[in-house]
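The values are calculated or read from the model by the stated rules, or taken from the named source; none is laboratory data. Not measured: the values here are computed from a predicted model. All Cβ positions, glycine included, derive from the backbone under ideal geometry; neighbour counts span all protein chains shown.
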Amino acid sequence: MARRSLRIRLADALVRWAAVLKPAPEPESSSPEPPARPRKRAAMSQMPGLRAPLSIDKAVRNRDLNVLKREASDALAALGAAHAVVSSARLAQIQAMRPEVDRGEAEQDVLIELAGDYQAWQNDQVRLFDALALVLGITVPQGRAFDQIDEDMESAAGEHLNALAAEYQRRLLTDQFEAGPKEG
């Protein structure tokens, strides 16, 4: 029960943060068509094979641990909020379809498939908020990661960091190629 109340408080805090961080609307331009290039660039930036690799090495060596923690928290909060929005929409879709199934206007298998999809989104959302709670609860010391390491261990730590960065990039590329090309 305590975890549920923590999640509810966390969700409420995220909603308040989102309301505060909502960007101001941009002034309308005289051109009726939005430019297509930024949209294409944004889509390409999500594909690890088509964007510049994330420099984990630079981030770990040059950034304060508190900054990294905040960035990780922000990213998890945004992804969790996105999952919450989709989960809510899936639930509304299920609730709207239930009377149709009762009247025989829709197949029960479709409703069962939608319910399974909703449950998957809900499970992912719970895991995301659990990860966010974990990251928010981590205490990090002041300074950068390499400030916490003895000088004689910096070389080994650098090699380990390079291996972690390579594994991260390998995983991104593997996920991209296993997913295959997306239509749309």
Can we say residue 174 is among the polar types (S, T, N, Q), under 30 Å from residue 14 (Cα atoms) and surrounded by fewer than 12 Cβ atoms within 10 Å (Cβ to Cβ)? no
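Results for (1) under 22 Å from the mean Cα position of the chain (by Cα); (2) at pLDDT 90 or above; (3) basic (Lys, Arg), shown as yes or no for each residue.
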{"position": "91", "(1), (2), (3)": "yes, yes, no"}
{"position": "106", "(1), (2), (3)": "no, no, no"}
{"position": "118", "(1), (2), (3)": "yes, yes, no"}
{"position": "131", "(1), (2), (3)": "yes, yes, no"}
{"position": "156", "(1), (2), (3)": "no, yes, no"}
{"position": "181", "(1), (2), (3)": "yes, no, no"}
Among 146, 129, the single one that is among the aromatic types (Phe, Trp, Tyr), within 18 Å of residue 12 (Cβ to Cβ), touching a helix residue (DSSP H, G or I) at 6+ places or on another chain (Cβ under 9 Å) and surrounded by 15 or more Cβ atoms within 10 Å (Cβ to Cβ) is 129
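Quick check on residue 146: is it among the aromatic types (Phe, Trp, Tyr) and within 28 Å of residue 58 (Cβ to Cβ)?
When the stated conditions are applied, residue 146 passes them.
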Taking segment 109-164 on its own, how many of its residues are assigned to a helix (DSSP H, G or I), free of Cβ contacts under 8 Å to residues at least 40 places away in the same chain and of a type in the set (Val, Ile, Thr)? 2
